[in-house]
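The structure appears below as C-alpha coordinates.
The values are calculated or read from the model by the stated rules, or taken from the named source; none is laboratory data. All values derive from a computational prediction rather than experimental measurement. Note that we place each Cβ from the backbone using ideal geometry, even for glycine, and neighbour counts take in every protein chain shown.
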Amino acid sequence: MHNFEEELTCSICYSIFEDPRVLPCSHTFCRNCLENVLQASGNFYVRRALRIPLTCPNCRRTVEIPPPGIESLPINFALRAIIEKYEQEEHSDVITCPEHSSQPLNIYCLQDRQPVCGHCLTVGQHQGHPIEDLHSAYMKEKEEPPKLFEQLIDTDSHWEDFWLLAEKLEEQKSHVEQVVQSDKETVLHYFKELNDILDLKKNALLSALDDVGKAIDEEFTPHIERITEIRVEKIELKSLTAFLLDEESPLKFLKKIHSIRQRVQALRQRKLPSVQPLEICPRISPILQEEWARTEISQIKKLEVPEIKLSVQRTQCIPAEEEEKKKEEEKADFTKIFSTLILTVISGMWMLTFLFYKDMLPILHDVRSRFFFEDSQPPDHSFFNNMHTVKETMCLTYHALKRFLWDTISDLNLTLPSSL
(Lines give C-alpha, C1' and ligand atoms only; values in the text may rest on other atoms or scores of the structure.)
Protein backbone atom coordinates (compact mmCIF):
# COMPACT_ATOMS: atom_id res chain seq x y z
CA MET A 1 0.00 0.00 0.00
CA HIS A 2 2.89 2.32 0.73
CA ASN A 3 4.41 1.87 -2.77
CA PHE A 4 0.99 2.28 -4.33
CA GLU A 5 0.56 5.66 -2.63
CA GLU A 6 3.91 6.77 -3.97
CA GLU A 7 2.67 6.03 -7.49
CA LEU A 8 -0.31 8.31 -6.86
CA THR A 9 1.80 11.12 -5.44
CA CYS A 10 2.94 14.17 -7.41
CA SER A 11 6.72 14.55 -7.32
CA ILE A 12 6.39 18.34 -7.05
CA CYS A 13 3.86 18.78 -4.20
CA TYR A 14 4.18 15.26 -2.66
CA SER A 15 0.38 15.06 -2.53
CA ILE A 16 -2.15 12.84 -4.23
CA PHE A 17 -2.52 14.03 -7.82
CA GLU A 18 -5.15 16.70 -8.37
CA ASP A 19 -6.24 17.22 -11.98
CA PRO A 20 -3.21 15.25 -13.37
CA ARG A 21 -1.79 16.59 -16.67
CA VAL A 22 0.69 14.79 -18.98
CA LEU A 23 3.71 16.60 -20.45
CA PRO A 24 5.00 15.73 -23.92
CA CYS A 25 7.74 13.74 -22.18
CA SER A 26 4.98 11.48 -20.67
CA HIS A 27 5.54 12.56 -17.05
CA THR A 28 2.42 13.48 -15.06
CA PHE A 29 2.05 16.36 -12.59
CA CYS A 30 -0.75 18.29 -10.91
CA ARG A 31 -2.12 21.09 -13.00
CA ASN A 32 -1.51 23.69 -10.27
CA CYS A 33 2.05 22.43 -9.78
CA LEU A 34 2.79 22.90 -13.51
CA GLU A 35 1.27 26.39 -13.40
CA ASN A 36 3.60 27.30 -10.54
CA VAL A 37 6.64 25.86 -12.34
CA LEU A 38 5.74 27.78 -15.50
CA GLN A 39 5.35 31.05 -13.63
CA ALA A 40 8.62 30.49 -11.79
CA SER A 41 10.47 29.92 -15.12
CA GLY A 42 9.52 33.37 -16.39
CA ASN A 43 8.54 32.00 -19.81
CA PHE A 44 4.80 32.40 -19.34
CA TYR A 45 3.02 35.33 -20.94
CA VAL A 46 -0.72 35.52 -21.26
CA ARG A 47 -0.82 37.07 -24.77
CA ARG A 48 2.15 35.21 -26.17
CA ALA A 49 1.19 33.32 -29.41
CA LEU A 50 4.30 31.10 -29.63
CA ARG A 51 4.82 27.78 -27.84
CA ILE A 52 6.17 28.06 -24.31
CA PRO A 53 9.32 26.10 -23.35
CA LEU A 54 9.18 24.22 -20.02
CA THR A 55 11.76 22.01 -18.31
CA CYS A 56 10.31 18.78 -16.95
CA PRO A 57 10.92 18.53 -13.14
CA ASN A 58 11.63 14.78 -13.46
CA CYS A 59 13.67 14.17 -16.60
CA ARG A 60 14.91 17.78 -17.01
CA ARG A 61 13.94 17.64 -20.66
CA THR A 62 12.70 20.85 -22.28
CA VAL A 63 9.26 20.48 -23.74
CA GLU A 64 7.00 22.96 -25.49
CA ILE A 65 3.63 23.94 -24.13
CA PRO A 66 0.92 25.05 -26.57
CA PRO A 67 -0.04 28.78 -26.46
CA PRO A 68 -3.18 28.24 -24.35
CA GLY A 69 -0.84 27.08 -21.55
CA ILE A 70 -1.11 24.22 -19.05
CA GLU A 71 -4.86 24.03 -19.65
CA SER A 72 -4.16 22.66 -23.13
CA LEU A 73 -2.13 19.69 -21.83
CA PRO A 74 -3.94 16.34 -21.94
CA ILE A 75 -5.53 14.92 -18.79
CA ASN A 76 -4.27 11.60 -17.45
CA PHE A 77 -7.74 10.03 -17.26
CA ALA A 78 -6.47 6.59 -16.29
CA LEU A 79 -4.55 7.98 -13.33
CA ARG A 80 -7.46 10.20 -12.30
CA ALA A 81 -9.82 7.20 -12.33
CA ILE A 82 -7.42 5.22 -10.14
CA ILE A 83 -7.16 8.13 -7.71
CA GLU A 84 -10.95 8.48 -7.51
CA LYS A 85 -11.33 4.80 -6.79
CA TYR A 86 -8.54 4.93 -4.23
CA GLU A 87 -10.17 7.85 -2.41
CA GLN A 88 -13.53 6.07 -2.31
CA GLU A 89 -12.05 3.02 -0.57
CA GLU A 90 -11.34 2.95 3.20
CA HIS A 91 -7.69 2.71 4.14
CA SER A 92 -7.43 2.10 7.89
CA ASP A 93 -3.65 1.79 7.70
CA VAL A 94 -3.23 5.16 5.98
CA ILE A 95 -2.87 8.17 8.24
CA THR A 96 -4.16 11.35 6.63
CA CYS A 97 -3.29 14.96 7.41
CA PRO A 98 -5.53 16.52 10.09
CA GLU A 99 -5.42 19.87 8.28
CA HIS A 100 -5.86 18.66 4.70
CA SER A 101 -8.39 15.85 4.51
CA SER A 102 -7.65 12.84 2.28
CA GLN A 103 -3.97 13.84 1.97
CA PRO A 104 -1.61 11.17 3.37
CA LEU A 105 1.23 12.05 5.71
CA ASN A 106 4.01 10.88 3.40
CA ILE A 107 6.75 13.50 3.93
CA TYR A 108 8.92 14.24 6.98
CA CYS A 109 9.63 17.89 7.83
CA LEU A 110 13.21 18.11 9.12
CA GLN A 111 12.71 21.55 10.66
CA ASP A 112 9.61 20.75 12.73
CA ARG A 113 10.42 17.04 13.20
CA GLN A 114 7.00 15.72 12.17
CA PRO A 115 5.27 13.99 9.23
CA VAL A 116 3.40 16.30 6.84
CA CYS A 117 1.46 16.07 3.61
CA GLY A 118 2.18 17.68 0.28
CA HIS A 119 -0.29 20.50 0.87
CA CYS A 120 1.47 21.38 4.11
CA LEU A 121 4.69 21.92 2.11
CA THR A 122 3.15 23.91 -0.73
CA VAL A 123 0.40 26.02 0.83
CA GLY A 124 0.53 25.18 4.54
CA GLN A 125 2.66 26.25 7.48
CA HIS A 126 5.59 24.02 6.44
CA GLN A 127 6.11 25.79 3.14
CA GLY A 128 9.82 26.10 2.28
CA HIS A 129 11.00 23.79 5.09
CA PRO A 130 13.65 21.13 4.38
CA ILE A 131 12.07 17.69 3.89
CA GLU A 132 12.93 14.01 3.63
CA ASP A 133 10.99 10.90 2.67
CA LEU A 134 9.48 8.90 5.51
CA HIS A 135 11.65 5.81 5.09
CA SER A 136 14.96 7.73 5.20
CA ALA A 137 13.80 9.74 8.20
CA TYR A 138 12.70 6.54 9.91
CA MET A 139 16.11 4.88 9.45
CA LYS A 140 17.92 7.91 10.89
CA GLU A 141 15.61 8.40 13.88
CA LYS A 142 15.74 4.67 14.65
CA GLU A 143 19.15 5.26 16.25
CA GLU A 144 17.79 7.80 18.75
CA PRO A 145 15.88 5.61 21.33
CA PRO A 146 19.03 3.96 22.82
CA LYS A 147 20.61 7.39 23.26
CA LEU A 148 17.45 8.74 24.89
CA PHE A 149 17.24 5.68 27.15
CA GLU A 150 20.77 6.34 28.44
CA GLN A 151 19.76 9.91 29.30
CA LEU A 152 16.89 8.59 31.43
CA ILE A 153 18.95 6.28 33.69
CA ASP A 154 18.32 7.03 37.39
CA THR A 155 22.01 6.96 38.29
CA ASP A 156 22.50 10.19 36.38
CA SER A 157 23.31 13.02 38.84
CA HIS A 158 20.88 15.28 37.00
CA TRP A 159 17.93 13.13 38.06
CA GLU A 160 19.28 12.60 41.60
CA ASP A 161 18.96 16.35 42.19
CA PHE A 162 15.32 16.13 41.17
CA TRP A 163 14.61 13.23 43.49
CA LEU A 164 16.31 14.97 46.43
CA LEU A 165 14.32 18.11 45.74
CA ALA A 166 11.11 16.06 45.57
CA GLU A 167 11.87 14.55 49.01
CA LYS A 168 12.54 18.00 50.47
CA LEU A 169 9.32 19.33 48.99
CA GLU A 170 7.40 16.42 50.50
CA GLU A 171 8.94 17.15 53.92
CA GLN A 172 8.17 20.87 53.64
CA LYS A 173 4.63 20.12 52.53
CA SER A 174 4.11 17.79 55.49
CA HIS A 175 5.53 20.39 57.90
CA VAL A 176 3.38 23.22 56.51
CA GLU A 177 0.28 21.02 56.64
CA GLN A 178 1.01 20.28 60.31
CA VAL A 179 1.39 24.01 60.98
CA VAL A 180 -1.93 24.73 59.28
CA GLN A 181 -3.65 21.97 61.25
CA SER A 182 -2.14 23.29 64.48
CA ASP A 183 -3.32 26.81 63.66
CA LYS A 184 -6.81 25.49 62.95
CA GLU A 185 -6.89 23.82 66.35
CA THR A 186 -5.64 27.05 67.95
CA VAL A 187 -8.38 29.04 66.24
CA LEU A 188 -11.05 26.57 67.32
CA HIS A 189 -9.78 26.54 70.91
CA TYR A 190 -9.50 30.35 71.02
CA PHE A 191 -13.01 30.97 69.77
CA LYS A 192 -14.40 28.21 71.97
CA GLU A 193 -12.93 29.96 75.02
CA LEU A 194 -14.19 33.29 73.72
CA ASN A 195 -17.67 31.89 73.16
CA ASP A 196 -17.65 30.31 76.62
CA ILE A 197 -16.73 33.68 78.17
CA LEU A 198 -19.40 35.47 76.14
CA ASP A 199 -21.96 32.86 77.13
CA LEU A 200 -21.08 33.35 80.80
CA LYS A 201 -21.42 37.13 80.48
CA LYS A 202 -24.66 36.75 78.54
CA ASN A 203 -26.14 34.36 81.09
CA ALA A 204 -25.05 36.63 83.96
CA LEU A 205 -26.72 39.65 82.35
CA LEU A 206 -29.88 37.68 81.60
CA SER A 207 -29.93 36.34 85.17
CA ALA A 208 -29.58 39.87 86.54
CA LEU A 209 -32.43 41.04 84.32
CA ASP A 210 -34.53 38.07 85.46
CA ASP A 211 -33.95 39.14 89.07
CA VAL A 212 -35.07 42.65 88.18
CA GLY A 213 -38.13 41.17 86.51
CA LYS A 214 -38.98 39.30 89.72
CA ALA A 215 -38.50 42.50 91.72
CA ILE A 216 -40.85 44.31 89.34
CA ASP A 217 -43.43 41.58 89.82
CA GLU A 218 -43.09 41.73 93.61
CA GLU A 219 -43.37 45.52 93.55
CA PHE A 220 -46.32 45.98 91.23
CA THR A 221 -48.41 42.81 91.57
CA PRO A 222 -49.68 43.50 95.16
CA HIS A 223 -50.76 47.02 94.20
CA ILE A 224 -52.46 45.80 91.04
CA GLU A 225 -54.26 43.05 92.95
CA ARG A 226 -55.38 45.53 95.65
CA ILE A 227 -56.74 47.96 93.07
CA THR A 228 -58.44 45.07 91.29
CA GLU A 229 -60.15 44.07 94.56
CA ILE A 230 -61.35 47.64 95.05
CA ARG A 231 -62.72 47.70 91.51
CA VAL A 232 -64.53 44.39 91.98
CA GLU A 233 -66.04 45.52 95.29
CA LYS A 234 -67.10 48.83 93.73
CA ILE A 235 -68.91 47.00 90.93
CA GLU A 236 -70.59 44.72 93.45
CA LEU A 237 -71.77 47.65 95.62
CA LYS A 238 -73.00 49.47 92.56
CA SER A 239 -75.06 46.44 91.61
CA LEU A 240 -76.46 46.08 95.15
CA THR A 241 -77.38 49.74 95.22
CA ALA A 242 -79.24 49.40 91.93
CA PHE A 243 -81.20 46.41 93.25
CA LEU A 244 -81.96 48.32 96.47
CA LEU A 245 -83.94 50.90 94.51
CA ASP A 246 -86.49 48.20 93.71
CA GLU A 247 -86.88 47.07 97.32
CA GLU A 248 -90.41 47.92 98.54
CA SER A 249 -90.23 46.44 102.03
CA PRO A 250 -89.21 49.16 104.51
CA LEU A 251 -87.66 46.67 106.91
CA LYS A 252 -85.56 44.94 104.33
CA PHE A 253 -84.61 48.24 102.73
CA LEU A 254 -83.39 49.73 106.01
CA LYS A 255 -81.35 46.63 106.84
CA LYS A 256 -79.71 46.58 103.45
CA ILE A 257 -79.10 50.30 103.12
CA HIS A 258 -77.19 50.43 106.39
CA SER A 259 -74.94 47.56 105.36
CA ILE A 260 -74.31 49.03 101.92
CA ARG A 261 -73.62 52.47 103.39
CA GLN A 262 -70.98 51.06 105.72
CA ARG A 263 -69.31 49.16 102.90
CA VAL A 264 -69.29 52.21 100.62
CA GLN A 265 -67.84 54.39 103.36
CA ALA A 266 -65.20 51.78 104.12
CA LEU A 267 -64.40 51.46 100.41
CA ARG A 268 -64.04 55.21 99.94
CA GLN A 269 -61.81 55.43 103.02
CA ARG A 270 -59.36 52.94 101.59
CA LYS A 271 -56.29 54.87 100.50
CA LEU A 272 -54.56 54.52 97.22
CA PRO A 273 -51.36 52.50 97.45
CA SER A 274 -48.23 54.59 97.70
CA VAL A 275 -46.58 54.02 94.35
CA GLN A 276 -43.45 55.79 93.24
CA PRO A 277 -42.13 55.78 89.69
CA LEU A 278 -39.40 53.18 89.41
CA GLU A 279 -36.48 52.79 87.04
CA ILE A 280 -33.91 50.15 86.15
CA CYS A 281 -30.42 51.34 86.84
CA PRO A 282 -28.00 50.97 85.19
CA ARG A 283 -29.47 50.31 81.76
CA ILE A 284 -27.85 47.51 79.77
CA SER A 285 -27.88 49.14 76.32
CA PRO A 286 -25.45 52.00 77.15
CA ILE A 287 -23.13 49.57 78.92
CA LEU A 288 -23.00 47.20 75.94
CA GLN A 289 -22.80 49.90 73.26
CA GLU A 290 -20.43 52.33 74.97
CA GLU A 291 -18.33 50.46 77.53
CA TRP A 292 -18.25 46.83 76.44
CA ALA A 293 -18.09 47.66 72.71
CA ARG A 294 -14.78 49.49 73.27
CA THR A 295 -13.28 46.66 75.30
CA GLU A 296 -10.44 44.65 73.77
CA ILE A 297 -11.11 40.97 73.23
CA SER A 298 -8.36 40.02 75.68
CA GLN A 299 -10.08 42.08 78.40
CA ILE A 300 -13.59 40.67 77.96
CA LYS A 301 -12.99 38.11 80.69
CA LYS A 302 -12.24 40.93 83.16
CA LEU A 303 -15.50 42.77 82.48
CA GLU A 304 -17.74 42.87 85.51
CA VAL A 305 -21.44 42.38 85.18
CA PRO A 306 -23.14 45.44 86.72
CA GLU A 307 -25.54 45.07 89.63
CA ILE A 308 -28.89 45.94 88.13
CA LYS A 309 -31.44 47.29 90.60
CA LEU A 310 -34.99 48.52 90.61
CA SER A 311 -34.93 51.88 92.38
CA VAL A 312 -37.00 55.03 92.80
CA GLN A 313 -36.81 57.08 89.63
CA ARG A 314 -34.51 60.05 89.70
CA THR A 315 -33.95 62.72 87.09
CA GLN A 316 -31.66 60.47 85.13
CA CYS A 317 -29.85 57.21 85.68
CA ILE A 318 -26.21 58.27 85.26
CA PRO A 319 -23.21 56.10 86.15
CA ALA A 320 -21.02 57.41 88.98
CA GLU A 321 -18.08 58.22 86.72
CA GLU A 322 -20.22 60.20 84.29
CA GLU A 323 -21.94 62.02 87.14
CA GLU A 324 -18.58 63.01 88.67
CA LYS A 325 -17.33 64.14 85.26
CA LYS A 326 -20.47 66.23 84.77
CA LYS A 327 -19.98 67.89 88.17
CA GLU A 328 -16.38 68.76 87.28
CA GLU A 329 -17.52 70.29 83.99
CA GLU A 330 -20.22 72.34 85.76
CA LYS A 331 -17.66 73.49 88.32
CA ALA A 332 -15.23 74.59 85.60
CA ASP A 333 -18.00 76.42 83.71
CA PHE A 334 -19.10 78.20 86.89
CA THR A 335 -15.52 79.27 87.67
CA LYS A 336 -15.24 80.85 84.23
CA ILE A 337 -18.57 82.69 84.67
CA PHE A 338 -17.71 83.91 88.16
CA SER A 339 -14.26 85.17 87.10
CA THR A 340 -15.78 86.97 84.13
CA LEU A 341 -18.30 88.73 86.39
CA ILE A 342 -15.59 89.84 88.81
CA LEU A 343 -13.41 91.23 86.02
CA THR A 344 -16.41 93.00 84.51
CA VAL A 345 -17.31 94.67 87.82
CA ILE A 346 -13.73 95.75 88.49
CA SER A 347 -13.43 97.17 85.00
CA GLY A 348 -16.68 99.06 85.55
CA MET A 349 -15.38 100.49 88.81
CA TRP A 350 -12.27 101.78 87.10
CA MET A 351 -14.45 103.30 84.39
CA LEU A 352 -16.53 105.07 87.04
CA THR A 353 -13.36 106.27 88.69
CA PHE A 354 -12.18 107.96 85.52
CA LEU A 355 -15.65 109.36 84.83
CA PHE A 356 -15.58 111.09 88.20
CA TYR A 357 -12.00 112.15 87.85
CA LYS A 358 -12.64 115.51 89.49
CA ASP A 359 -12.79 113.86 92.87
CA MET A 360 -9.46 112.17 92.07
CA LEU A 361 -7.63 115.31 90.91
CA PRO A 362 -6.05 116.07 94.31
CA ILE A 363 -4.68 112.55 94.41
CA LEU A 364 -3.36 112.63 90.83
CA HIS A 365 -1.84 116.06 91.36
CA ASP A 366 -0.12 114.84 94.48
CA VAL A 367 1.26 111.79 92.59
CA ARG A 368 2.56 113.91 89.72
CA SER A 369 4.19 116.48 91.98
CA ARG A 370 5.94 113.86 94.07
CA PHE A 371 7.14 111.35 91.43
CA PHE A 372 7.59 113.25 88.16
CA PHE A 373 9.22 116.56 89.19
CA GLU A 374 12.87 116.87 89.85
CA ASP A 375 12.37 118.85 93.05
CA SER A 376 9.82 116.38 94.40
CA GLN A 377 9.65 115.65 98.07
CA PRO A 378 8.74 112.42 99.85
CA PRO A 379 4.96 111.85 99.93
CA ASP A 380 3.19 113.03 103.02
CA HIS A 381 0.47 111.30 104.95
CA SER A 382 -2.37 112.91 102.97
CA PHE A 383 -1.31 111.09 99.77
CA PHE A 384 -1.29 107.74 101.48
CA ASN A 385 -4.63 108.45 103.11
CA ASN A 386 -6.22 109.22 99.73
CA MET A 387 -4.81 106.08 98.12
CA HIS A 388 -5.90 104.02 101.10
CA THR A 389 -9.43 105.38 100.70
CA VAL A 390 -9.54 104.26 97.04
CA LYS A 391 -8.20 100.83 97.94
CA GLU A 392 -10.75 100.34 100.72
CA THR A 393 -13.55 101.37 98.39
CA MET A 394 -12.46 98.85 95.77
CA CYS A 395 -12.07 96.03 98.30
CA LEU A 396 -15.43 96.70 99.94
CA THR A 397 -17.12 96.67 96.55
CA TYR A 398 -15.40 93.39 95.59
CA HIS A 399 -16.38 91.62 98.82
CA ALA A 400 -19.95 92.91 98.66
CA LEU A 401 -20.28 91.62 95.12
CA LYS A 402 -18.76 88.29 96.12
CA ARG A 403 -21.19 87.93 99.05
CA PHE A 404 -24.14 88.74 96.76
CA LEU A 405 -23.09 86.11 94.23
CA TRP A 406 -22.48 83.61 97.02
CA ASP A 407 -25.99 84.04 98.44
CA THR A 408 -27.52 83.81 94.97
CA ILE A 409 -25.70 80.58 94.20
CA SER A 410 -26.63 79.10 97.59
CA ASP A 411 -30.28 79.75 96.82
CA LEU A 412 -29.83 77.88 93.53
CA ASN A 413 -28.25 74.87 95.34
CA LEU A 414 -24.96 75.30 93.48
CA THR A 415 -21.48 74.84 94.89
CA LEU A 416 -18.85 77.53 94.75
CA PRO A 417 -15.28 76.51 93.96
CA SER A 418 -13.10 76.38 97.05
CA SER A 419 -10.54 78.67 95.43
CA LEU A 420 -12.93 81.66 95.54
Answer yes or no: is there a residue in region 208-229 that is part of a helix (DSSP H, G or I), of a type in the set (D, E, K, R), in contact with a strand residue (DSSP E or B) (Cβ under 8 Å, 6 or more places away or on another chain) and within 30 Å of Q276 (Cα to Cα).
-> yes
Kindly indicate whether any position in region 259-274 is assigned to a helix (DSSP H, G or I) and within 30 Å of D211 (Cβ to Cβ).
-> no
What's the number of the condition L152 fails, among (1) over 57 Å from the mean Cα position of the chain (by Cα); (2) farther than 24 Å from Y14 by Cβ?
-> (1)
What pairs come up if the first residue lies in region 198-216 and is closer than 29 Å to S298 by Cβ, the second is of a type outside the set (A, V, I, L, M) and part of a helix (DSSP H, G or I), and their beta carbons are under 9 Å apart, counting only those six or more places apart or on different chains?
-> L200/K301; K201/W292; K201/K301
Note on region 194-208: residues in contact with a helix residue (DSSP H, G or I) (Cβ under 9 Å, 6 or more places away or on another chain) and charged (D, E, K, R) are K201
Residues that are outside any strand (DSSP E or B) and at pLDDT 80 or above, drawn from region 121-135 = H129, P130
